[in-house]
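Here the structure comes first, spelled out in structure tokens, and everything after it is commentary.
The values are calculated or read from the model by the stated rules, or taken from the named source; none is laboratory data. These numbers come from a predicted model, not from an experiment. Here the Cβ positions follow ideal geometry from the backbone for every residue, glycine too, while neighbour counts run over all protein chains shown. Each accessible area value is taken on the protein alone, full model and side chains, heavy atoms only, with ligands, DNA and RNA left out. Shrake-Rupley method; radii C 1.70, N 1.55, O 1.52, S 1.80 Å.
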Amino acid sequence: MHASFWLLEAAGSLLEQSLRNPDGTGLGYFAPVVGAVVDKEPLPAYEDPALARGAKHVSSVTFVSHLRYATTGERTTENTHPFAIDGMIFAHNGTLQDLNALEAHIGRDMRFVGGDTDSERYFALVAKEIRARGSIGSGISAAVGWIVENIPLSSINFVLATADELWAFRYPETNRLFVLERRAGGGRGRRDLHHVSGTVRVHVPDLSRHPSVVVASEPLDDSVGWRALESGELMRVGPDLSVRSNIVVDRPPAQPIPLGHSMDENAPISGPARMVWGS
């Protein structure tokens, strides 16, 4: 499936968002044979036109795009989202503190961490728990449950993509996360997917023939079907685009970071979009 991201010539494009979020841009997707691919740069799009041109057109069934506003870690490629471990792609929106405690709990799996961010350590813990339990859902539940009880946090929203699934989690209510289940053609006479907002532009002509599921930190258009995930809700989009969710955390964080105490490390996730598997 072909998709166009980051159309810098358009109003409300990734360039416009990058002017407000100047620490990095990244796109994750899945390629035949290769598997998970992450194309990211620590420089903002308006300082790196070559990157923006190279990221316009991608073929995949799953896409995860992200803009970073750093509070933890330097402006480097290693610290830029999204991240990839064990064939999974991950992007986080929020802030975690007490990284020494988090690293101690991750233990030997810190060897999978290449940068300085709280987000990559969060992903390393999620991946560790998935490995230990042999189940993505159980692993995520264990990881977020431990963080909620032991780590100061503002938000631990994330999206995690595999080659044929998308998982999304929102907690607590600090930052929003939305899902849209989209019919083929999008309805109301629109044939393809062409989302435009003040933060992202995405164009997927192939979706004139296929349904899709889109997850984003803000609604990308005025479609009435956008739904905000509940705090503590873990959602799975399956290979057949079936959507299932349940509440895996139903209590407040033990150590909430007061609003205003810390800038959010990550700007709203631009996308990510879970497109059609197998098309």
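The residues on offer are ASN100, ASN93, and the sole one that is touching a strand residue (DSSP E or B) at 6+ places or on another chain (Cβ under 9 Å) and of a type in the set (S, T, N, Q) is ASN93.
Inside the stretch 111-123, residues that are more than 14 Å from GLU78 (Cα to Cα) and of a type in the set (A, V, I, L, M, F, W, C) make up a count of 0.
Counting the residues of the stretch 153-168 that are under 14 Å from SER141 (Cα atoms) and either open to solvent by 10 Å² or more (accessible area, probe 1.4 Å) or without any contact (Cβ under 8 Å) to a residue 12 or more places away in the chain (or both) gives 1. Confirm whether ASP118 is among the acidic types (Asp, Glu) and without any contact (Cβ under 8 Å) to a residue 40 or more places away in the chain. The answer is no for ASP118. Counted as qualifying within the stretch 15-118 are the strands (runs of 3 or more DSSP E) with 3 or more residues that are crowded, with 23+ Cβ neighbours inside 10 Å and modelled with pLDDT under 85, namely 24-31, 62-68. Restricting attention to the stretch 136-145, does a residue exist that is assigned to a helix (DSSP H, G or I), open to solvent by less than 10 Å² (accessible area, probe 1.4 Å), free of Cβ contacts under 8 Å to residues at least 60 places away in the same chain and of a type in the set (Val, Ile, Thr)? Within the stretch 136-145, not a single residue is assigned to a helix (DSSP H, G or I), open to solvent by less than 10 Å² (accessible area, probe 1.4 Å), free of Cβ contacts under 8 Å to residues at least 60 places away in the same chain and of a type in the set (Val, Ile, Thr). With respect to the stated conditions, LEU125 is open to solvent by less than 20 Å² (accessible area, probe 1.4 Å) and without any contact (Cβ under 8 Å) to a residue 40 or more places away in the chain.
Selection of the stretch 146-168 for residues being within 15 Å of the chain's Cα centre (by Cα) and in a loop (DSSP other than H, G, I, E, B) yields SER155, ILE156, THR162, ALA163, GLU165.
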